[in-house]
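Here's the structure, in structure tokens; my notes come after.
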Amino acid sequence: MNKYAHGIVASCLLALTLTGCNGSGGENEVKVPGNNAGGTENSASAASEDGATPAVGKKKIVFSTFWHDAKYKAAIQEYESLHPDIEIKLEDFDYTDATLEADMEKYISATNTAMLAGKGPDLLEVDILPFDSYIKHSLLADLNPMMAQDKHFKKSDYFTNVLDNVRVGESLYTMPFSFFLMGFAGDEGAIAKTGVKFDDHSWSWSDFMKTAKAMTTSGGLPSALSYGGPEYLLGEMVSDNYSLFVDPDERKAHFDSASFTGLMKQVKAMFDEGIVSKIGRGANAYFRSVQINSPKDYLETMKVTGLEMKMFAKEDGDHMRLYAKPHAQDTSAGGYFKTYRSVAISANSKVKPEAWDFVKFMLSEDMQSPATTTGFPINKAAYAKQIEELKKQGAFKSAQEGPLQGAMIQVDGEMLSGLDSYVNGAVHSTKNDNSDKLRGLIITESEAYFAGQKTAEAVANLIQNKAMTVLNE
Amino acid sequence: MRGDGMTFLLFLGPSLIGFSMFYLIPFVLGVYASFTDSAFGGRLVGFSNYADLLHSASFRKAASHTMLFTAIGVPLLLTLSLMLAVLLNQALFLRSWLRTSFMLPLVVPVASIVTVWQIFFDWNGTLNAWLHELGLARVDWMQSNWSMSIVVVMYIWKNIGYDMILFLAGLQSIPKDYYETASLEGAGRVHQFRHITLVYLTPTLFFVLLISIINSLKVFRETYLLAGDYPYDRLYMLQHYMNNMFFQLDVQKLTAAATLMVGCIVVMTYGLLRAERRFRDNTE
């Protein structure tokens with residue numbers, strides 16, 4: 001027995017610390033190991049608990065984040081000077097580059113434990129946290145009612161295409177401060193030469209495949225798309241047709257179907273025929289995947305990709321611009337975004353209204369418009385201001401450590417205006433590969449098929465079995 | 001006597017406190033948590049977590065794979081380690097060296113060995129390269145029904161030394177005169193083995209069986225390091241399920257599964273100990 005206890009001690013240890021804390025009762029400060037948040041006590045008076053009583057002391061909001069962000073520090077300082085009755089305690093994790101992964105793990109498990117015990121921070125940046133699990137166990141507060149009740153908050157001031165698409169059902173649990181655009185970069189001139197017409201705002205992957213075939217047969221560049229590898233494209237296409245392969249309510253996967261092996265074969269054929277290629281890093285293809293981090297980054301990235309394209313075809317690469325990534329057949333038309341720096345309010349927080357007020361402050365135009373931080377601001381006015389500033393500037397210096405080595409980049413106003421429709425049209429949220437287990441599975445397992453080592457059916461069966469395990473846990 | 005009691009407590013205290021702190025109390029709390037809803041400090045919900053758990057097809061799959069593994073691995077391990085013990089109990093060239101070498105897997109850290117195994121059994125690994133050289137079709141060792149045999153081999157490799165030592169101790173406690181008398185009366189080797197060795201080794205056998213079963217439930221570490229959190233179907237065992245539940249913060253299912261597993265082990269241990277007692281009563 002003693003021996004065996006090893007096996008379950010991990011689970012029980014967790015239980016000990018947590019239930020132990022709860023058992024010892026109420027408001028007592030019980031330190032959860034690894035979590036230096038003391039919970040949500042009032043620093044001066046423990047009496048004014050529910051926020052209604054005028055505070056003698058300050059109300060304290062604990063804000064936990066892994067990444068160090070100067071923006072947070074600045075915002076907190078400013079907010080505290082505007083609201084003398086509020087104290088915001090920023091808890092960022094002390095990580096080093098050398099031990100980053102271990103530090104992240106440490107932060108995640110400490111925060112998980114604290115959240116489960118109901119002793120977590122009031123406000124937390126969820127970028128690296130398993131917030132899906134938090135939502136599943138109702139540990140996060142729904143921000144929608146807070147937004148609706150707040151008369152000073154106008155949802156239309158923000159990019160609702162992003163906000164509405166990070167919802168879970170009807171509830172909004174995570175508030176992104178900024179986002180990236182995920183799309184294709186392509187040279188308008190080179191594409192026009194092929195004479196192929198398409199509407200990238202509404203194309204699905206199968207539309208794209210047709211377009212791609214037409215483009216390569218026109219005799220210009222050898223490939224239509226440069227992509228990491230067939231397994232990634234397959235993963236992408238499965239996520240795009242998710243409902244075709246996975247039925248989460250019935251807990252059933254359909255990867256052993258002919259449509260999945262068909263898709264695998266289709267992807268392989270496209271790579272075999274060179275329509276999609278993983279060599280050449282995009283220089284020899286009409287499209288390549290890009291992530292655009294900000295208006296400034298848009299101009300710079302397009303410049304860099306254009307130069308790379310020139311290495312392959314001298315006359316191309318002068319008119320690079322962003323195209324929307326094809327979307328799934330059974331979802332609505334539009335491009336893709338990826339949120340950056342999202343926060344959530346703990347469902348167990350005693351200072352939810354105060355925390356929301358601070359979030360709102362972080363979302364305000366003044367806080368969001370400085371172009372010093374990465375990401376497109378979620379605030380529309382701040383975005384407009386950034387564009388305007390950039391146009392006024394006329395030119396800016398590229399990143400010193402980037403491929404352009406600090407060369408000046410001219411601001412192309414027309415190009416920036418073209419960005420609008422993409423910023424407003426991105427409606428699909430891109431998840432991290434590792435947060436999406438099934439996608440990770442498909443990517444690792446299908447590699448053997450694309451390398452020609454296993455049959456499509458054998459791989460499909462493997463994926464099917466594992467997918468069923470994941471879905472039925 | 002009072003002084004004795006104090007000394008007793010003094011010596012036992014530290015380990016008792018440690019045991020309660022890290023094993024007993026957490027386990028009791030875990031059992032409690034398995035009867036509550038949502039995270040911690042939830043309401044009591046009776047057996048609904050257990051119902052959910054048994055409803056989960058993956059849990060049932062994991063449990064059956066665990067049983068299958070134990071059913072294959074333990075008898076094999078017992079047979080092999082007993083054979084080895086009998087062999088090494090005789091005068092043999094380099095005997096003490098051989099004994100030591102079989103103990104080595106116990107002290108080698110698993111993580112360091114697993115990398116070698118991984119390279120060896122990978123789809124593009126060493127073993128398949130050899131097969132290819134010999135003109136044979138390669139086998140996807142970790143992603144086919146072969147995968148369980150590999151874990152069985154690993155389990156045997158890891159535990160054979162330990163079991164062997166236990167058996168050796170048992171063998172050496174059998175008086176030599178029994179064998180001498182038997183051989184004087186003309187009993188053959190097989191006969192001696194069946195009627196002397198096995199009979200007098202039975203108490204040891206029960207103990208080794210118990211330890212081996214419990215060790216077979218701990219093979220997770222090797223499997224996890226070898227094949228990750230979602231291995232090939234056959235390798236997906238109870239600890240995988242619990243591990244994945246832990247990472248999904250599903251404390252209810254996790255504690256319910258752990259409680260259920262402990263329940264089964266307690267029942268099994270009780271049964272084994274009773275069988276052993278009955279056996280001893282019968283022989284005496």
For B:238-250, mean number of other protein chain Cβ atoms within 10 Å: 4
Volume per residue of the C-alpha convex hull in chain A, rounded to whole Å³: 179 Å³
Positive minus negative residues near A:D150 (Lys, Arg vs Asp, Glu; Cβ under 13 Å): +2
Ordering of B:227-238, B:103-114 by packing [mean C-beta count within 10 Å, highest first]: B:227-238, B:103-114
Average beta carbon contacts from partner chains per residue of A:112-119, 10 Å cutoff: 3
Charge dipole (the protein assembly as shown, unit charges on Cβ, about Cα centre) - positive-most of A:T211, A:S294, A:Q453: A:Q453
Angle in degrees between helix A:2-23 and the longest Cα principal axis of chain A, rounded to the nearest 10: 60 degrees
Loop-located trypsin sites (Lys or Arg not before Pro) in segment A:128-183, at most 12 other Cβ atoms within 10 Å (DSSP): A:K151, A:K154
Residue of B:I17, B:I156, B:I72 that the Gaussian network model of chain B assigns the largest fluctuation, springs spanning Cα pairs under 10 Å: B:I17
For the pair B and A, total buried accessible area rounded to nearest 100 Å², probe 1.4 Å: 3800 Å²
Most positive-pole-ward Cα, B:I72, B:A111, B:M142, against dipole of segment B:56-283 from beta carbon charges: B:I72
Rounded accessible area per residue of segment B:56-283, 1.4 Å, Å²: 51 Å²
Förster-model FRET efficiency, 35 Å R0, B:N145 and B:L106, C-beta, rounded to 0.05: 0.75
Paramagnetic reach from A:I409 in segment A:306-343 [backbone N under 11 Å; point 7 Å along Cα→Cβ]: A:306
Cα centroid separation, segment A:292-308 to segment A:218-234 (Å): 20 Å
Highest to lowest packing among A:170-178, A:187-195, scored as the average C-beta count within 10 Å: A:170-178, A:187-195
Computed over chain A: relative contact order in percent, which uses C-alpha pairs under 8 Å that are six or more apart: 20 percent
Portion, in percent, of the accessible area of chain B that falls on carbon or sulfur, probe 1.4 Å: 69 percent
Volume per residue that the Cα convex hull of segment B:56-283 spans, once the total is divided by residue count, Å³: 159 Å³
Taking segment B:56-283 and dividing mean pair separation by its residue count, relative contact order in percent (alpha carbons under 8 Å, at least six apart): 31 percent
For a label point 7 Å along the Cα-to-beta-carbon line of B:Q192, residues of segment B:164-186 with backbone N under 15 Å: B:171-186
Net charge dipole size for segment B:43-161 [Lys, Arg +1 and Asp, Glu -1 on Cβ; Debye, nearest 20]: 340 debye
Centroid-to-centroid separation of segment A:386-414 and segment B:158-219 [C-alpha atoms, Å]: 81 Å
Förster radius 56 Å - calculated FRET efficiency between A:Q400 and B:R138, Cβ distance, rounded to 0.05: 0.65
Sparse-neighbourhood loop sites, trypsin sites (Lys or Arg not before Pro) in segment A:255-361 - DSSP loop, at most 13 other Cβ within 10 angstrom: A:K314
Dimensions in Å of segment A:407-464 - Rg and Dmax from alpha carbons: 20.0, 53
Tensor-based shape of segment B:59-156 (alpha-carbon gyration tensor, a/c under 1.5 rounded, otherwise prolate or oblate): oblate
Low-density loop positions, GluC sites (Glu not before Pro), segment A:222-272 - DSSP coil, at most 11 other Cβ in 10 Å: A:E250
Sequence of A:F131, A:F179 from largest to smallest accessible area, 1.4 Å probe: A:F131, A:F179
22 Å Cα cut-off, lysine pairs counted over segment B:56-283 (separation 8 or more, or different chains): 4
Label-point separation, B:L273 to A:H254 (7 Å along Cα→Cβ), nm: 5.4 nm
Spin-label pair A:I108/B:N282, simplified geometry with 7 Å Cα→Cβ offset, distance in nm: 5.4 nm
Cβ charges +1 (Lys, Arg) and -1 (Asp, Glu), total dipole of segment B:56-283, debye: 380 debye
Per-residue average of Cβ from other chains inside 10 Å of B:227-233: 4
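The values are calculated or read from the model by the stated rules, or taken from the named source; none is laboratory data. It should be emphasised that the depicted structure is a prediction, and the values quoted were computed from it without experimental measurement. With ideal geometry, Cβ positions are generated from the backbone for all residues, glycine too; neighbour counts draw on all protein chains shown. What goes into the accessible areas is simple: the full protein's heavy atoms, side chains included, and nothing from ligands, DNA or RNA. Shrake-Rupley method; radii C 1.70, N 1.55, O 1.52, S 1.80 Å.
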